[in-house]
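Working notes, structure below.
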Amino acid sequence: LILSAGGIVLSFPIGVALALGRRSKLPVVSVFSTLSIEIVRGMPLITILFMFSVILVLFLPPEARIDRLVRALMAMTFFSAVYMAENVRGGLQAVPDGQAEAAKALGMNNFQITFLIVLPQALRAVLPAIVGQFIALFKDTTLVIIVGINDLLGIGKSILNQNTEYVRLQLEVYLFVTLIFWVLSYLMSLGSRRLETALGVGDR
């Protein structure tokens, strides 16, 4: 829950910043954002987790130790942010140029045009994709067991291994874990649909 909630909250603004940076007219910002997105998108999440959990420690001074849960959160946030950036960029491209031109005609500056006119419409258009990314991030938290963090699935396995009486109860344990993931994922999906209805996504 910490990893998924933290990753969702942190990856969203970073993803929006990367999407805006990729469309920036400043070459340094655009190149940095583009390289960050393309490099990380070409790497599996397991690799990113190992980089933050193992390799990052090698470059830090001995007194600057970061908790392994925080390192895993950093990895998942960074990984999810680049996919979020591409979702948001798709939404930005879907907004007609006439919207920005009309805002300029009203005397708005670039900051107002971006954050009051263009970005709200872009996020509204790609809301299903954004929530889908959140659900994927939530399910990907099971991969942190590879770097020594006991997640929900790992706890289920440890319960089975602690007592020989539970050997034949694997089905019950995995069904219970599956039910937890399904319920929380469905709640996110349900919240997304209600928000889409309230915002009129697909209707106007």
Practice task
Report ³J(HN,Hα) in whole Hz for each residue of segment 82-89, in order, from the Karplus equation J = 6.51 cos²θ - 1.76 cosθ + 1.60 where θ = phi - 60°; Gly and Pro get x.
Solution key: 5, 6, 4, 4, 5, 4, 5, 4
Exercise for the section: Find the Cα radius of gyration of segment 1-108, compare it with 2.2 N^0.38 Å by division, and give the number to two decimals. Expected result: 1.31
Practice task
Could you please state how large a percent of the accessible area of segment 1-86 is carbon and sulfur, counting protein chains only and using a 1.4 Å probe?
Solution key: 76 percent
Problem - Dimensionless Rg/Rh of segment 52-166 - Kirkwood Rh, Rg from C-alpha atoms - result: 1.21
Practice task
Distance between Cα centroids, segment 95-158 to segment 71-91: provide it in whole Å.
Solution key: 8 Å
Exercise for the section: Give me the accessible area per residue for segment 34-151, probe 1.4 Å, as a whole number in Å². Expected result: 52 Å²
Practice task
Compare GLY156, GLY132, GLY90 in a GNM of the chain, Cα atoms joined below 10 Å, and give the one with the largest fluctuation.
Solution key: GLY156
Exercise for the section: Please give the net charge around ARG89, taking every other residue with its beta carbon less than 13 angstrom from that of ARG89, where Lys and Arg add +1 and Asp and Glu add -1. Expected result: +1
Exercise for the section: Can you send over the carbon and sulfur percentage of the accessible area for segment 125-204, probe radius 1.4 Å, protein chains only? Expected result: 63 percent
Handout entry: Selection from TYR174, GLY154, GLY15 lying farthest towards where the dipole of the chain points positive, charges on Cβ
Key = GLY15
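Using only C-alpha atoms and all pairs of different ones, pull out the Kirkwood radius for the chain in Å with one decimal.
19.3 Å
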Practice task
Kindly provide the trypsin sites (Lys or Arg not before Pro) of segment 1-87 that DSSP labels as loop, not H, G, I, E or B, and whose Cβ sees at most 13 other Cβ atoms within 10 Å.
Solution key: LYS25, ARG65
Completion exercise
So the FRET efficiency between ALA64 and SER158, C-beta based with R0 = 41 Å and rounded to 0.05, is 0.85
Problem - Phi to ³J(HN,Hα) by Karplus 6.51 cos²θ - 1.76 cosθ + 1.60 over segment 111-121, Hz, x for Gly, Pro - result: 5, 5, 4, 5, 8, 10, 10, 6, 4, x, 5
Practice task
Note the angle between two axes, namely the Cα long axis of helix 152-162 and the longest principal axis of the Cα atoms of the chain, as a number of degrees from 0 to 90, rounded to the nearest 10.
Solution key: 0 degrees
Handout entry: Candidate lysines for bridging to LYS139, where Cα separation is under 18 Å - those fewer than 8 sequence places away on the same chain excluded
Key = LYS157
Practice task
Please turn the phi angles of segment 141-147 into ³J(HN,Hα) values with the Karplus equation 6.51 cos²θ - 1.76 cosθ + 1.60 (θ = phi - 60°), one per residue in order, whole Hz, x for glycine and proline.
Solution key: 5, 5, 6, 5, 5, 5, 9
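The values are calculated or read from the model by the stated rules, or taken from the named source; none is laboratory data. None of these values were measured; they are calculated from a predicted model. Heads up, the Cβs are rebuilt from the backbone with ideal geometry, glycines too, and the neighbour counts pull from every protein chain shown. Remember, those area values only see protein heavy atoms, side chains included, never the ligands or the DNA or RNA. Shrake-Rupley method; radii C 1.70, N 1.55, O 1.52, S 1.80 Å.
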